[in-house]
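The values are calculated or read from the model by the stated rules, or taken from the named source; none is laboratory data. Nothing here was measured: the structure is a model prediction, and the numbers come from that model. Please note: Cβ atoms are built from the backbone with ideal geometry, for glycine as well, and neighbour counts cover all protein chains shown. Areas reflect the complete protein model, heavy atoms only, side chains present, ligands, DNA and RNA absent. Shrake-Rupley method; radii C 1.70, N 1.55, O 1.52, S 1.80 Å.
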Amino acid sequence: MIPLILIGATVLGGCLVFGYNSFVVGFFLMVAGALGLITFMGTRGTVLRPGEREAVIEERHYIGKHDDHQHYRS
């Protein structure tokens, strides 16, 4: 409901400034639609993906005889 009121206010404001004309109404509807599309595409989805709100700690395991930190005293 709020986006429709905002689009209506945009068109009404454009008509008050530039005069009521079908070109002005169409132009401001097009601008409001493009701005709404850009805003919609820029928002994050409501479905949370793993790791979006919490810190993911990576755990590494090394396998083999190259574990040099155990033999640092020769």
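For Thr43, the criteria (1) of a type in the set (S, T, N, Q); (2) at pLDDT 65 or above; (3) open to solvent by 90 Å² or more (accessible area, probe 1.4 Å); (4) within 22 Å of the chain's Cα centre (by Cα) hold in every case but one, which is (3). Pairs meeting the criteria (first residue in segment 14-34 and under 14 Å from Pro3 (Cα atoms) and in contact (Cβ under 8 Å) with a residue 24 or more places away in the chain, second residue of a type outside the set (S, T, N, Q) and open to solvent by 90 Å² or more (accessible area, probe 1.4 Å), beta carbons under 8 Å, at least 6 apart or on different chains) are Ala32/Leu6. Does Leu37 satisfy the condition of being within 28 Å of the chain's Cα centre (by Cα), modelled with pLDDT under 65 and surrounded by 10 or more Cβ atoms within 10 Å (Cβ to Cβ)? No: the conditions fail for Leu37.
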